Amino acid sequence: MDKRRVVITGMGAVTPLGLTLEESWAAVKADTCGIGPITQYDTTNQKVKLAGEVRGFNPEQYIDKREVRKTDRFVQFALASAAQAMEHSGLVMENENSQRCGVVFASGIGGFSTVQNECLKGNEKGYDRVSPYFIPMAISNMAAGNIAIRFGFHGMCTCPVTACASGTNAVGDAFRQIRDGYADVILAGGSEATVTSLAVGGFTSLHALHTGSDPKRASIPFDKERSGFVMGEGAAALVLEEYEHAKARGANILAEVVGYGCTCDAHHITAPLPDGSGAAGAMTQALADAGVDAASVDYINAHGTSTAMNDAGETAAVKLAFGEHAKELAISSTKSMTGHLLGASGAVEAAFTAMALHDGFIPATLGYQVPDEACDLDIVPNHGREAAIRYAMSNSLGFGGHNASILLKKWEE
């Protein structure tokens, strides 16, 4: 069977930069940092004071008031981004075979705030007194399930859980399902809401988070003074569609997904392979999957977490995968603006990568001041730039050694 072409026909996002994809992308193009002091809980007795919070979000704009109390914040973000993406796509479900429409929506942790709150309630009042909605609010697949229910998608509905690679795996898995003929439309993406005292405390104990107080020097990927990532939250959704199906209904095509690769370091539960060979394997797989030469890639949206090991390892991985061309391509991290959205990061970055192709604009790596000889590629420091880009890659690397890369192409009829 011939491989089918897969295009993006709608996108939506809720991020620390804005409550829609349009707002978020405008902030990216304006070199805006969405990181600031944590407001969702009292940080007095904790080391970490900063996060990339979604501010001003009103779930009742997307969810019935009675249902809001039955859904965790990560599900609310997911439903909001999915509603935006569906509206953007112009897809009318009454005209579709719903069993050919699926959902692949990721979350790295799921309803973490619900787990924390109900545990505290159970400890105080007895565990038989926790909310009857506790379990369906907490489990990670409920973003995917609620999206399918909302829009009537009766095809495959699943939730990749691969830590910080989850969102990219969701987009890549959806791409393969459509390309190989199992579906015509899939709503793919990821959502996370872990700005809680327990989650932040856990990552703090792991020595993974930045503990300073200056937002401009907090999430600084590839800078020699980087000292840990900044927690972020939010979601993004992408409507992926088989090309002929999209063309037949007159859809507006935003970009094309052309390749996907995923590997495992099989090395350590949290640390990446220092030589970057695992991540490089995912990149080379994506290139081979697309039949695209490494020299054709113009831009990489890096995983770029602002941790010492990740950024150096990812730089090494890009050099392994792209050889001499690594010096020619641009590689930036939008986590310098949003913080690290864990399981949602790959979905948000996929949307930003599609917009970069669509608008001919490469996002910046903000906060860069001190060069690091271990991160010596063109990281687009501090200011984004206009550029003619035809192929762009987005990388995600997760705890457990998960590596995922997707390759996108500027839409050409």
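Has region 120-139 got at least one residue that is among the hydrophobic types (A, V, I, L, M, F, W, C) and part of a strand (DSSP E or B)? Outline the logic, then answer.
Pass one, region 120-139, residues among the hydrophobic types (A, V, I, L, M, F, W, C): 120, 130, 134-135, 137-139.
Filter once more, keeping what is part of a strand (DSSP E or B): none.
Within region 120-139, none of the residues are among the hydrophobic types (A, V, I, L, M, F, W, C) and part of a strand (DSSP E or B).
Counting only residues that are under 21 Å from the mean Cα position of the chain (by Cα) and over 15 Å from residue 338 (Cβ atoms), how many does region 39-57 have?
Just the residues of region 39-57 that are under 21 Å from the mean Cα position of the chain (by Cα), to begin with: 50-57.
Next cut, over 15 Å from residue 338 (Cβ atoms) only: 56.
Total satisfying the criteria: 1.
Condition first: assigned to a helix (DSSP H, G or I) and in contact (Cβ under 8 Å) with a residue 40 or more places away in the chain. Can you find one or more residues in region 28-39 that meet it? Explain how you work it out, then say what you get.
First pass over region 28-39, keeping only residues assigned to a helix (DSSP H, G or I): 28-29.
Subset that is in contact (Cβ under 8 Å) with a residue 40 or more places away in the chain: 28-29.
Yes, some residue in region 28-39 is assigned to a helix (DSSP H, G or I) and in contact (Cβ under 8 Å) with a residue 40 or more places away in the chain.
Answer yes or no: is there a residue in region 264-277 that is over 19 Å from the mean Cα position of the chain (by Cα), open to solvent by less than 10 Å² (accessible area, probe 1.4 Å) and at positive phi.
First pass over region 264-277, keeping only residues over 19 Å from the mean Cα position of the chain (by Cα): 265-269, 271, 273-277.
When the remaining residues are screened for being open to solvent by less than 10 Å² (accessible area, probe 1.4 Å), the result is 276.
Next cut, at positive phi only: 276.
Yes: one or more hits.
Which residue is surrounded by the most Cβ atoms within 10 Å (Cβ to Cβ), if the candidates are limited to region 43-90 and must be among the charged types (D, E, K, R) and free of Cβ contacts under 8 Å to residues at least 12 places away in the same chain?
Applying the first criterion (among the charged types (D, E, K, R)) to region 43-90 yields 47, 49, 53, 55, 60, 64-67, 69-70, 72-73, 87.
Filter again for free of Cβ contacts under 8 Å to residues at least 12 places away in the same chain, leaving 60, 64-67.
Working: 60: 11, 64: 9, 65: 8, 66: 8, 67: 15.
Filtering first and then ranking leaves 67.
Assess whether residue 227 counts as being open to solvent by 10 Å² or more (accessible area, probe 1.4 Å), touching a Leu at 6+ places or on another chain (Cβ under 8 Å), among the polar types (S, T, N, Q) and in a loop (DSSP other than H, G, I, E, B).
Details: open to solvent by 10 Å² or more (accessible area, probe 1.4 Å): yes; touching a Leu at 6+ places or on another chain (Cβ under 8 Å): no; among the polar types (S, T, N, Q): yes; in a loop (DSSP other than H, G, I, E, B): yes.
So residue 227 does not fit the description; no.
With the requirement that a residue be under 20 Å from the mean Cα position of the chain (by Cα) and in a helix (DSSP H, G or I), what does region 140-166 give you? It would help to see each step written out before you state the result.
Of all residues in region 140-166, those under 20 Å from the mean Cα position of the chain (by Cα) come to 140-148, 157-166.
Selection gives 142, 143, 144, 145, 146, 147, 148, 166.
Scan region 55-64 and give yes if some residue there is β-branched (Val, Ile, Thr), in contact with a strand residue (DSSP E or B) (Cβ under 9 Å, 6 or more places away or on another chain) and closer than 20 Å to residue 140 by Cβ, otherwise no. Steps first, answer last, please.
Going through region 55-64, the residues β-branched (Val, Ile, Thr) turn out to be 63.
Then keep just the ones that are in contact with a strand residue (DSSP E or B) (Cβ under 9 Å, 6 or more places away or on another chain); that gives none.
Among the residues of region 55-64, not one is β-branched (Val, Ile, Thr), in contact with a strand residue (DSSP E or B) (Cβ under 9 Å, 6 or more places away or on another chain) and closer than 20 Å to residue 140 by Cβ, which makes the answer no.
Give the residue, chosen from 317, 356, 308, 312, that is in contact with a Lys or Arg (Cβ under 7 Å, 6 or more places away or on another chain) and either surrounded by 24 or more Cβ atoms within 10 Å (Cβ to Cβ) or more than 23 Å from residue 81 (Cβ to Cβ) (or both). Walk me through it before giving the result.
On the way: 317 fails: in contact with a Lys or Arg (Cβ under 7 Å, 6 or more places away or on another chain); 356 fails: in contact with a Lys or Arg (Cβ under 7 Å, 6 or more places away or on another chain); 312 fails: in contact with a Lys or Arg (Cβ under 7 Å, 6 or more places away or on another chain).
Criteria check complete, one pass: 308.
If a residue has to be within 18 Å of residue 165 (Cα to Cα) and surrounded by fewer than 24 Cβ atoms within 10 Å (Cβ to Cβ) to count, how many in region 103-130 make the cut?
Residues flagged as within 18 Å of residue 165 (Cα to Cα) and surrounded by fewer than 24 Cβ atoms within 10 Å (Cβ to Cβ) within region 103-130 amount to 1.
Spot the failing condition for residue 323; the list is (1) on the phi < 0 side of the Ramachandran plot; (2) more than 19 Å from the chain's Cα centre (by Cα); (3) open to solvent by 10 Å² or more (accessible area, probe 1.4 Å), and only one is missed.
(1)
The values are calculated or read from the model by the stated rules, or taken from the named source; none is laboratory data. All figures in this text were calculated on a predicted structure; none of them were measured in a lab. Here the Cβ is made from the backbone with ideal geometry for all residues, glycine too, and neighbour counts use every protein chain on show. The area values use the complete protein model at the heavy-atom level, side chains included, leaving out ligands, DNA and RNA. Shrake-Rupley method; radii C 1.70, N 1.55, O 1.52, S 1.80 Å.
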